[in-house]
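A.B. asks: Below is a structure I'd like to ask you about.
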Amino acid sequence: MKRLFLGLLLALVSLAVQADDFRYMAFQTNDGTISTITAEGLQLTFDDEKLTATSGDQQVVISLSELSKMYFTDTPAGIEAPVLSQNELDDNAVVYNLQGMCVGRLQAQPKGIYIVKVNGQRRKVILK
């Protein structure tokens, strides 16, 4: 019994040491979308079948049924400009806010961060 307890304790300590080497916690959903949050001061809570990760003023909320994996990383999830023509954005784009709600056309949205899905591609976009 002591061996088992000692083994578990060593495993937990080694995980804590490894986590200190990384600056971000990443969450990947079933559709491949990756969200990151700063690991410093990170708090994870589970409620109503949702995972809530909070660090300072950052927060990531993911349904547990949609969560594919979570891991520590040195790089945050990037925000990229879409590699799409204006016609594709006008005609075929489905735009979501960061809460996952479909919000209509990208051009009609206020400044902020959005997820744009066109022709099977998903991109994070910042409107300035």
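A.B. asks: For the stretch 97-107, indicate whether the set of residues that are in a loop (DSSP other than H, G, I, E, B) and at pLDDT below 85 is non-empty. Before the answer, list the steps.
C.D. replies: Of all residues in the stretch 97-107, those in a loop (DSSP other than H, G, I, E, B) come to 97-101, 105.
So of that shortlist, the ones also at pLDDT below 85 come out as 105.
Yes, the stretch 97-107 contains a residue that is in a loop (DSSP other than H, G, I, E, B) and at pLDDT below 85.
A.B. asks: Shifting gears a bit: Kindly indicate whether any position in the stretch 72-94 is among the polar types (S, T, N, Q), modelled with pLDDT of 85 or more and not in a loop (DSSP other than H, G, I, E, B).
C.D. replies: Filtering the stretch 72-94 for residues among the polar types (S, T, N, Q) gives 73, 75, 85-87, 92.
Among the residues that remain, those that are also modelled with pLDDT of 85 or more are: none.
Looking for residues that are among the polar types (S, T, N, Q), modelled with pLDDT of 85 or more and not in a loop (DSSP other than H, G, I, E, B), one finds none in the stretch 72-94, hence no.
A.B. asks: Still on this structure: Only residues that are open to solvent by 90 Å² or more (accessible area, probe 1.4 Å) and modelled with pLDDT of 85 or more: list them for the stretch 18-58, please.
C.D. replies: Within the stretch 18-58, N30, E40, Q43, F46, D47, D48, E49, K50 qualify.
The values are calculated or read from the model by the stated rules, or taken from the named source; none is laboratory data. Because the structure is a prediction, the values reported are computed rather than measured. Side chains are part of the model used for accessible areas, which takes the heavy atoms of the whole protein and leaves out ligands, DNA and RNA. Shrake-Rupley method; radii C 1.70, N 1.55, O 1.52, S 1.80 Å.
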